[in-house]
1. Does the range 170-181 contain any residue that is closer than 20 Å to Gly109 by Cβ, modelled with pLDDT under 95, crowded, with 22+ Cβ neighbours inside 10 Å and among the hydrophobic types (A, V, I, L, M, F, W, C)?
2. Give me a count of the residues in the range 151-170 that are more than 9 Å from the ligand (Cβ to nearest atom) and out of contact with any Gly (no Cβ under 7 Å at 6 or more places or on another chain).
3. Within the range 287-328, take every residue that is among the charged types (D, E, K, R) and outside any loop (DSSP other than H, G, I, E, B) and give me the one that is farthest from Lys402 (Cα to Cα).
4. Looking at the range 434-465 only, could you name the residues that are within 16 Å of the ligand (Cβ to nearest atom), part of a loop (DSSP other than H, G, I, E, B) and among the aliphatic types (A, V, I, L, M)?
5. When you look at Lys381, is it modelled with pLDDT of 95 or more, charged (D, E, K, R), part of a helix (DSSP H, G or I) and exposed (fewer than 13 other Cβ atoms within 10 Å of the Cβ), yes or no?
6. When you go through (1) surrounded by fewer than 17 Cβ atoms within 10 Å (Cβ to Cβ); (2) within 30 Å of Lys217 (Cβ to Cβ); (3) hydrophobic (A, V, I, L, M, F, W, C); (4) in contact (Cβ under 8 Å) with a residue 24 or more places away in the chain one by one for Leu283, which number turns out not to apply?
7. Based on what the data block shows, is Ile281 part of a loop (DSSP other than H, G, I, E, B) and under 21 Å from Phe203 (Cβ atoms)?
Amino acid sequence: MDTKDKLLKNNSKTQLINIGRQHGVTGMSKKNGGYKNKNEIADLIIQQVKQEVKQEVKQHVKKEVKQEVKQEVKKEVKQEVNNKVINNVNHNTGDTKLTFIDLFCGVGGFHQALTDLGCKCVLACDIDKKCCEVYENNYGIKPIKDIKHIDEKNMVDFDILCGGFPCQPFSNGGNKKSFDDNRGLLFDEIMRIAKHKKPKFLFLENVKHILKVSDGKVFEYIKKRINDIGYKLQIFKMSPHNYGIPQQRERIFFVCVRNDIYEKFNDNDDADDADGLTSKIKLCVENKNLTMEDLVEKNVDSKYNIEPTLKNVLDAWDELIKQFDVGEKISPTILINDYFKNYTDEEYNQLASWRKDYMTKNKPLLKKYDKIIKPWYKKHKELLTKREIYGKLEWQTGVIKKNDSIYNYFIQMRQSGIRVKKNKYFPTLVAMVQTPIYGKYKRYITPRECARLQSFPDTFKLHENDRVVYKQMGNSVNVFNTYTVIKSTFKHYDIC
Ligand SMILES: C[S@@+](CC[C@H](N)C(=O)[O-])C[C@H]1O[C@@H](n2cnc3c(N)ncnc32)[C@H](O)[C@@H]1O
């Protein structure tokens, strides 16, 4: 059956008109000479979507492409038109499994967890082209591009809605603009769909700061909206490191249960709900018991080694660390170039106050080791002044220990300096390009190791570009945490 046949078979005339409107098809209204018949509307939709897709493909393919590439593109356009149109129509899967829609799907952390629990995905959505490529490559579903294009009145039915809605407006990495930022409002898109479709469960995820931004008003808003559309909310603060996965990544999971289901399974215990939250579901306690050594790849390509200049910088700092006394406290960030710079009073006064504060606090330590630090700085000055961050050391591993070394830890090159972190748990993977260094092996962690830290199986096909993988994994949910939350919910509600 081709795209048009499917479109005609699965939709009434009204539904077709809605799909047409959703794609901005013009000339279908009564005003323009009465509604066209189903056949004509279907043609118009396909024509319009073809144009959309061609436009999108054009942006990615140079004009002077060879004939065979043109053929490929044509095939892709056909496939994409099919996916785009069919994705938006109601189709009965005839299956008894719980079905889910994966909003803001990224590379599919939720998908992975939910299919592990026997559920079936019926629609996915993400605006990022590369995430969509990876998603389709792994799960055979082409995500719809923008959540705003989903017409809640004319979409597939489903039991579960899941979504790790964009966290930049709320995270520490972003600038915490919260709901003033357009992306903050994407939460409302979830509510729009859930309010109309009324699935059994909503599973949402976000950064932990979401509870605090705008003095808690954002969280109050989220809670109220979830309650208003007829769901009971329970939240879980989770991090992989609490479940035997060596990554510290605190996140909030929002579990929303439709009121009728909640009431069927729980006693009416009002005290529990006084703040609009419940605490009925108990988390499963399964623990993976993994250490970093269980996750590292063997025989790693030398392209992941630290580049020579950075290696020299870390060696230089290591030389100094080794000369500090055991028990020495190194905080806050050492600004070594500032210590040796002869600022005039005027220049000094113009420095940011945090900088002046650090410089004052650095003085006692640097003075104490004056005899060591002066010749050390003279030897490495050229290197340490090459880039501003080379001269800043953020030592976050506690006091100096016996046989201490910078290479005993995880290292991240951040705008704020060279951050050295404890080695038990990997620092949170983030979407920005700050690939962490595993000091022990003097190399960056590999894309596959990132995927393992996020509990994706080794069968998961990663994007071919490493930088893209680092970003995607930094954005993803931890699959095992997600699995734990959903499995615990299912257990409480007698689903599996
Ligand atoms: C925090 S990530 C979610 C990652 C996902 N949970 C995973 O496991 O990979 C948020 C996602 O929302 C997507 N996004 C942002 N705006 C969107 C929109 N208007 N419609 C659909 N997706 C959008 C981003 O591209 C990003 O992949």
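1. yes
2. Residues of the range 151-170 that are more than 9 Å from the ligand (Cβ to nearest atom), as a first pass: 151-161, 169-170.
In the following step, the residues that additionally are out of contact with any Gly (no Cβ under 7 Å at 6 or more places or on another chain) were identified as 151-161, 170.
Total satisfying the criteria: 12.
3. Lys303
4. Within the range 434-465, Leu462 is the sole residue that qualifies.
5. no
6. Of (1) surrounded by fewer than 17 Cβ atoms within 10 Å (Cβ to Cβ); (2) within 30 Å of Lys217 (Cβ to Cβ); (3) hydrophobic (A, V, I, L, M, F, W, C); (4) in contact (Cβ under 8 Å) with a residue 24 or more places away in the chain, only one is false for Leu283: (1).
7. It is true that Ile281 is part of a loop (DSSP other than H, G, I, E, B) and under 21 Å from Phe203 (Cβ atoms).
The rows are residues; the columns are (1) part of a strand (DSSP E or B); (2) farther than 26 Å from Ile127 by Cβ; (3) in contact (Cβ under 8 Å) with a residue 60 or more places away in the chain; (4) within 14 Å of the ligand (Cβ to nearest atom).
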site	(1), (2), (3), (4)
Ile190	no, no, yes, yes
Ile193	no, no, yes, yes
Phe203	yes, no, yes, yes
Ile210	no, no, no, yes
Gly216	no, yes, no, no
Tyr221	no, no, no, no
Asn227	no, yes, no, no
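The values are calculated or read from the model by the stated rules, or taken from the named source; none is laboratory data. Because the structure is predicted, anything quoted here is derived from the model rather than measured. Quick reminder, even Gly has a Cβ in these numbers, built from the backbone with ideal geometry, and neighbours come from all protein chains shown.
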